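Chemist: Before we start, here is the structure in question, set down as structure tokens.
The values are calculated or read from the model by the stated rules, or taken from the named source; none is laboratory data. All values derive from a computational prediction rather than experimental measurement. Cβ placement follows ideal geometry from the backbone for every residue including glycine, while neighbour counts extend to all protein chains displayed.
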Amino acid sequence: MRNDGWKRFALKSTIARAPQKVAATYFALLLAWFCAMPLVGLAQDDAAVKGKIVALEKAWNQAYKAGDTGALGNLLDDNIVLINDDGSTQTKKEFLDSVKVSNTQEQQVAPESLTVYVFGNTATATGVFRATGVENGKRYVRRERFVDTWVLKNGRWVCVATNATPILHQANS
């Protein structure tokens, strides 16, 4: 008789705890869902930022090709670090002045590759671009690998650092 009562108690106890287990499972699933939702938002935000940076990179290429210093000035932070292919640096003003007085006629500036990485309010764009044009009466084709660093400042993405290095050997490109 004693064993029979114990079995009934164990069965009642198990049945009584079943709703608690179900509630705990639902709570765990709900908690996991709430924790995962910001990550989904971040992934969507990253995609939007990547699209924005790609558009800004294209705008930079077109503004440079057109010699549009106003458009370039809007893309570049006032304290941008510009590193030239010879290792020299330029301020924003020096760069914009060099675009105004250039003896170069850019005919095409086109990215061959472009990858954007997002780190919160900072993004880096890396890739290769090809520039063709005429300089001092001579045609040229130039390929360069670049790294641009963009920062979201006051609700607007601006480039704070840029470096382009000529690609001299095709095998390494």
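Chemist: Kindly establish whether Thr25 is among the β-branched types (Val, Ile, Thr), touching an Asp or Glu at 6+ places or on another chain (Cβ under 6 Å) and modelled with pLDDT under 95.
Modeler: Working: among the β-branched types (Val, Ile, Thr): yes; touching an Asp or Glu at 6+ places or on another chain (Cβ under 6 Å): no; modelled with pLDDT under 95: yes.
The answer is no for Thr25.
Chemist: If you don't mind, another one. List the pairs whose first member sits in the range 78-89 and is under 18 Å from Arg156 (Cβ atoms), whose second member is part of a strand (DSSP E or B) and not β-branched (Val, Ile, Thr), and whose Cβ atoms are under 7 Å apart, counting only residues at least 6 apart or on separate chains?
Modeler: From the range 78-89, the pairs are Ile80/Cys159; Ile80/Ala161.
Chemist: Can you name the residue in the range 133-162 that is β-branched (Val, Ile, Thr), out of contact with any Ser or Thr (no Cβ under 6 Å at 6 or more places or on another chain) and buried (at least 16 other Cβ atoms within 10 Å of the Cβ) and, of all such residues, is farthest from Leu56 (Cα to Cα)?
Modeler: If we filter the range 133-162 for residues that are β-branched (Val, Ile, Thr), which is where we start, we get 134, 141, 147, 149, 151, 158, 160, 162.
In the following step, the residues that additionally are out of contact with any Ser or Thr (no Cβ under 6 Å at 6 or more places or on another chain) were identified as 134, 158, 162.
Going one step further and asking which of them are buried (at least 16 other Cβ atoms within 10 Å of the Cβ), we end up with 158, 162.
On the way: Val158: 9, Thr162: 13 Å.
Going through the qualifying residues, I end up with Thr162.
Chemist: Picking from Thr89, Thr165, Thr126, which residue would you name as being surrounded by fewer than 16 Cβ atoms within 10 Å (Cβ to Cβ), more than 22 Å from Val54 (Cβ to Cβ) and at pLDDT 90 or above? Give the steps one after another, and end with the answer.
Modeler: Details: Thr165 fails: more than 22 Å from Val54 (Cβ to Cβ); Thr126 fails: more than 22 Å from Val54 (Cβ to Cβ).
Unique residue meeting the criteria: Thr89.
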